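Trainee: Quick one: structure below, then a few questions.
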């Protein structure tokens, strides 16, 4: 097995192609890691970030107290063929801005199925609202980018509904956030010729050579 360090551009390409990631945060020296669905975005000439959707809970409380986080993405084909990328950055909650259409940014009443058509819109062109100075509403941008993926609101909505002793009258509070990426590191493992030789299956013995 050969392991090499990946370039920043290679790491960002892995993040751009991933949906499932692991988000790590800390509080009072205690680490906490959860699986999340994220969407990569890098505006033209701007810094890359990851957008996410969640509901109130432990990770949100911890990230509000300490916004320094990291995100890990893995692509594993075999024990000696894998890619692992870590993005180190800062949690930033995207509050609803005055005058924005908050109803549009709610999670759907039912999850969109995987084989349903994807709404129009992309990470680079979205119908986002702007304020009086022409600045894009980042909360809406996050929604526009996330909604292009099926089941974009999961697993947060299901986890919220499955909480024990939940008050059925309690409304779902959507939280949109982004992880501003400060730096990335990554490694790729590939199989070398010696591994291929050692893993080869030996040819069977001819019938005449079998022990009697």
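The values are calculated or read from the model by the stated rules, or taken from the named source; none is laboratory data. Since we're looking at a predicted model, the values are computed, not measured. In this analysis, Cβ positions are derived from the backbone assuming ideal geometry, glycine residues included, and neighbour counts consider all displayed protein chains.
Trainee: Under the condition of being within 17 Å of the chain's Cα centre (by Cα) and without any contact (Cβ under 8 Å) to a residue 24 or more places away in the chain, which residue from region 1-19 is surrounded by the fewest Cβ atoms within 10 Å (Cβ to Cβ)? If you could, list the steps in order and put the result at the bottom.
Mentor: So in region 1-19, the residues within 17 Å of the chain's Cα centre (by Cα) come out as 10-19.
Next, only the ones that are without any contact (Cβ under 8 Å) to a residue 24 or more places away in the chain stay: 13, 17.
Details: 13: 15, 17: 10.
Restricting to residues being within 17 Å of the chain's Cα centre (by Cα) and without any contact (Cβ under 8 Å) to a residue 24 or more places away in the chain, the top hit is 17.
Trainee: Surrounded by fewer than 17 Cβ atoms within 10 Å (Cβ to Cβ) and either modelled with pLDDT of 95 or more or outside any helix (DSSP H, G or I) (or both): is that true of residue 76 in this structure?
Mentor: yes
Trainee: Another question, if that's okay. Across region 175-196, which residue is modelled with the lowest pLDDT among those that are farther than 21 Å from residue 87 by Cβ and either surrounded by 11 or more Cβ atoms within 10 Å (Cβ to Cβ) or in contact with a strand residue (DSSP E or B) (Cβ under 7 Å, 6 or more places away or on another chain) (or both)?
Mentor: Ranking the candidates gives 195 first.
Trainee: While we're here: Taking the conditions exactly as written (surrounded by fewer than 13 Cβ atoms within 10 Å (Cβ to Cβ) and more than 25 Å from residue 5 (Cβ to Cβ)), does residue 52 satisfy them or not?
Mentor: Working: surrounded by fewer than 13 Cβ atoms within 10 Å (Cβ to Cβ): no; more than 25 Å from residue 5 (Cβ to Cβ): yes.
No; evaluated as a whole, the condition is false for this residue.
Trainee: A follow-up question, please. Looking only at region 24-70, how many residues end up being part of a strand (DSSP E or B) and farther than 15 Å from residue 146 by Cβ?
Mentor: 13
Trainee: Tell me, yes or no, whether region 16-23 has at least one residue that is under 18 Å from residue 92 (Cα atoms), in a loop (DSSP other than H, G, I, E, B) and touching a strand residue (DSSP E or B) at 6+ places or on another chain (Cβ under 9 Å).
Mentor: Within region 16-23, not a single residue is under 18 Å from residue 92 (Cα atoms), in a loop (DSSP other than H, G, I, E, B) and touching a strand residue (DSSP E or B) at 6+ places or on another chain (Cβ under 9 Å).
Trainee: Out of 172, 168, 207, report the one residue that is out of contact with any strand residue (DSSP E or B) (no Cβ under 6 Å at 6 or more places or on another chain) and modelled with pLDDT of 75 or more.
Mentor: 172
Trainee: Only one of (1) farther than 15 Å from residue 159 by Cβ; (2) surrounded by fewer than 19 Cβ atoms within 10 Å (Cβ to Cβ) is not met by residue 40, so which one is it?
Mentor: Result: residue 40 passes all but (2).
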